[in-house]
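Note sheet for the following structure.
The values are calculated or read from the model by the stated rules, or taken from the named source; none is laboratory data. Note that the structure is predicted; figures quoted are calculated from it, not measured. Please note: Cβ atoms are built from the backbone with ideal geometry, for glycine as well, and neighbour counts cover all protein chains shown. Keep in mind that these areas ignore ligands, DNA and RNA; they rest on the heavy atoms of the full protein, side chains included. Shrake-Rupley method; radii C 1.70, N 1.55, O 1.52, S 1.80 Å.
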Amino acid sequence: MKVYEYKGFPNPARVRIALAEKGILDKAEFIQVDVLGGEHRQPAFLVKNPTAAVPVLELDDGTCISECTAITEYLDNLDGKPSLTGRTARERGIVHMMQRRAEAGLLDAIVTYLHHATPGLGPDIEIYQNKEWGEYQRKRAIEGARYLDSVLAKQPYLAGDFFSMADITAFAGLNVFDFLKVEVPADLAHLKAWRARIAERASVKAA
């Protein structure tokens, strides 16, 4: 497997954590794409992913899979141990629901703030910005963090009693909070305790 990425970005980190959880981090060849230099918008990369985003997983037969959820789904179905996407129909439904809530309400929201209301990745990359929209997404990300805290008040992980891709997504989102120096509200004790536990996982440290 080849993974096209820009190391340090939140979405590539999600795939690295998933690979480490599955115990196959060392089976992947990581190829760095110069996003800041615009390499992701060049024809050679657009053949692999027309949406011009990293990461992309390329299989031995040349098949390219983009989108973190799809990549994690593929990796999980290689053997299902441990499961990141759910072992039963009920678990799978809950994992995908919470994954989407963590992605849309936290990670995507704070990344939208980055791209629209801050200098982002620089003028060559940020070809359109809407500061008002970005500031709204910052508020939305904080609301998303508050929602996740309420979920974690009742259970150890976002999808229940096991670590899943929903947790990976939320963890990546909070790392963007740190990068942007956006404070997680002090009263979100459950979210902060959960984050500290996730940070100690071997997969997170390896990624």
task = Look through Ala196, Ala170 and report the one residue that is of a type in the set (A, V, I, L, M, F, W, C), at pLDDT 95 or above, over 27 Å from Pro119 (Cβ atoms) and part of a helix (DSSP H, G or I).
result = Ala196
message = Quick check on my filter: what residues within region 73-95 are surrounded by fewer than 17 Cβ atoms within 10 Å (Cβ to Cβ) and within 16 Å of the chain's Cα centre (by Cα)?
response = Tyr74
key: Of all residues in region 3-22 being small (Gly, Ala, Ser) and not in a loop (DSSP other than H, G, I, E, B), the one that is least open to solvent (accessible area, probe 1.4 Å)   = Ala18
ask   = Which residue pairs have Cβ atoms closer than 6 Å, lie 6 or more positions apart in sequence or on different chains, and pair a first residue in region 49-72 that is open to solvent by 30 Å² or more (accessible area, probe 1.4 Å) with a second residue that is of a type in the set (Asp, Glu)?
value = Cys64/Glu58
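Taking region 60-72 as the search range and keeping residues that are more than 23 Å from Asp34 (Cβ to Cβ) and of a type outside the set (D, E, K, R), which one is farthest from the chain's Cα centre (by Cα)?
Of the residues in region 60-72, the ones more than 23 Å from Asp34 (Cβ to Cβ) are 60-61, 63, 69-70, 72.
So of that shortlist, the ones also of a type outside the set (D, E, K, R) come out as 63, 69-70, 72.
On the way: Thr63: 22, Thr69: 9, Ala70: 12, Thr72: 10 Å.
Looking at the filtered set, the residue picked out is Thr63.
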remark   = If you go through Gly134, Gly105, the only one that is in contact with a Ser or Thr (Cβ under 7 Å, 6 or more places away or on another chain) and either touching a residue at least 12 places away in the same chain (Cβ under 8 Å) or open to solvent by 60 Å² or more (accessible area, probe 1.4 Å) (or both) is Gly134
remark   = Out of (1) among the charged types (D, E, K, R); (2) touching a residue at least 12 places away in the same chain (Cβ under 8 Å); (3) surrounded by fewer than 14 Cβ atoms within 10 Å (Cβ to Cβ); (4) assigned to a helix (DSSP H, G or I), the one Asp26 does not meet is (2)
Residue satisfying all of: in region 29-48; open to solvent by 40 Å² or more (accessible area, probe 1.4 Å) and part of a helix (DSSP H, G or I); farthest from Pro82 (Cα to Cα) among these = Pro43
